[in-house]
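What follows draws every value from the coordinates through simple rules; no lab data is involved. All figures in this text were calculated on a predicted structure; none of them were measured in a lab. A quick note on method: Cβ atoms are made from the backbone with ideal geometry, for glycine too, and the neighbour counts reach across all protein chains shown.
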Amino acid sequence: MSNVWQLQEAKQRLSEVIRQVEAGYPQVITKNGRNVAVIVEYDGFQKMTGGPEPLSAFLARSAGEIDVDMDEYLETRRTDPERHAAMAEA
């Protein structure tokens, strides 16, 4: 069985396409002769993309990439009521 499907055929035989994916075989979808999509098993997709990342982890990683000292920022950050009022007016 081929792992390349024309879009129309993939739509008509979606159950079979999914069975092949579940068996561990990624399936390629073509449209007008061009490869346009690949269907892979969800667990494999999670491994390829690293899975969902918590926002806190993203921010911590991003801060390191742009060389921001978060400890220093948090120590100098204004927390007085005037700051909150100014933000509310903006």
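Listed values, structure above:
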{"quantity": "Distance in nm between pseudo-label sites at residue 38 and residue 55 (7 Å out along the Cβ direction from Cα)", "calculated": "3.2"}
{"quantity": "Fraction of antiparallel bridges per DSSP, segment 1-53 only, in percent to nearest 5", "calculated": "60"}
